[in-house]
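Heads up, the thing below is written out as structure tokens.
The values are calculated or read from the model by the stated rules, or taken from the named source; none is laboratory data. Since the structure is predicted, the reported quantities are computational estimates derived from the model, not experimental observations. Cβ coordinates were reconstructed from backbone atoms using ideal geometry, including for glycine residues, and neighbour counts include every protein chain displayed. Surface areas here come from the heavy atoms of the whole protein model, side chains and all, with no ligands, DNA or RNA. Shrake-Rupley method; radii C 1.70, N 1.55, O 1.52, S 1.80 Å.
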Amino acid sequence: MGNHVVAEGNFLVPNATFIAELVAFLIILGVLGRYVLPPIQKAMRERQEMIRKQVEDSEEAKAKLAEAEKSLQNALHEARTEAAQIRENARAEAQRTVEDLRAQAQEEQARIVARGEEQLASQRSAIVRELRGEIGTLAVELAEKIVSQRLADDAQVSATVDAFLAGLESKDHVDQKADA
């Protein structure tokens, strides 16, 4: 049998092409690691920092939003409370105004009634005086007719009328005291 070269076809034994490819791969890997990878890592770190900052800003914005919503709720609650207080004050003021107007109306009514009573009393007094005069005259005429004589003397007529009126006044004072 002859000379066979067994090592040529063995894939486990490295040959020069493999070593050259390995060296070229390591050189490319070194160039990529030295010149390409640092800017990519820098860009990635910057991107990660920017994302982290955005996340922090977002969380801060959420916290501010929650605080603003809480402030809004507090302000709404205060506004509602203040509005209720204003309504209550307005109702109380309206009630006081109604009571004041009612008291003024009652005072006015009492004043009008008192004035009316005064006017009625003065009119009554005037009518009583007028009626007394007429009654005196009528009484004298009636007395003349009854006695069938005519009183000729004015002094006698006047004295008779005055006596009659005095009797009426004394009776009127007794009636007024009984009414009071």
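Quick grid of which residues meet (1) part of a helix (DSSP H, G or I); (2) under 30 Å from residue 168 (Cβ atoms); (3) open to solvent by less than 90 Å² (accessible area, probe 1.4 Å):
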site: 70; (1), (2), (3): yes, no, no
site: 82; (1), (2), (3): yes, no, no
site: 87; (1), (2), (3): yes, no, no
site: 90; (1), (2), (3): yes, no, yes
site: 99; (1), (2), (3): yes, no, no
site: 103; (1), (2), (3): yes, no, yes
site: 117; (1), (2), (3): yes, yes, no
site: 120; (1), (2), (3): yes, yes, no
site: 133; (1), (2), (3): yes, yes, yes
Of all residues in segment 12-48, which are loosely packed, with under 10 Cβ neighbours inside 10 Å and among the acidic types (Asp, Glu)?
-> none
Some residue of segment 42-51 being modelled with pLDDT of 95 or more and under 48 Å from the mean Cα position of the chain (by Cα) | no
Checking residue 124 against (1) open to solvent by 90 Å² or more (accessible area, probe 1.4 Å); (2) in contact with a helix residue (DSSP H, G or I) (Cβ under 9 Å, 6 or more places away or on another chain), which single condition isn't satisfied?
-> (2)
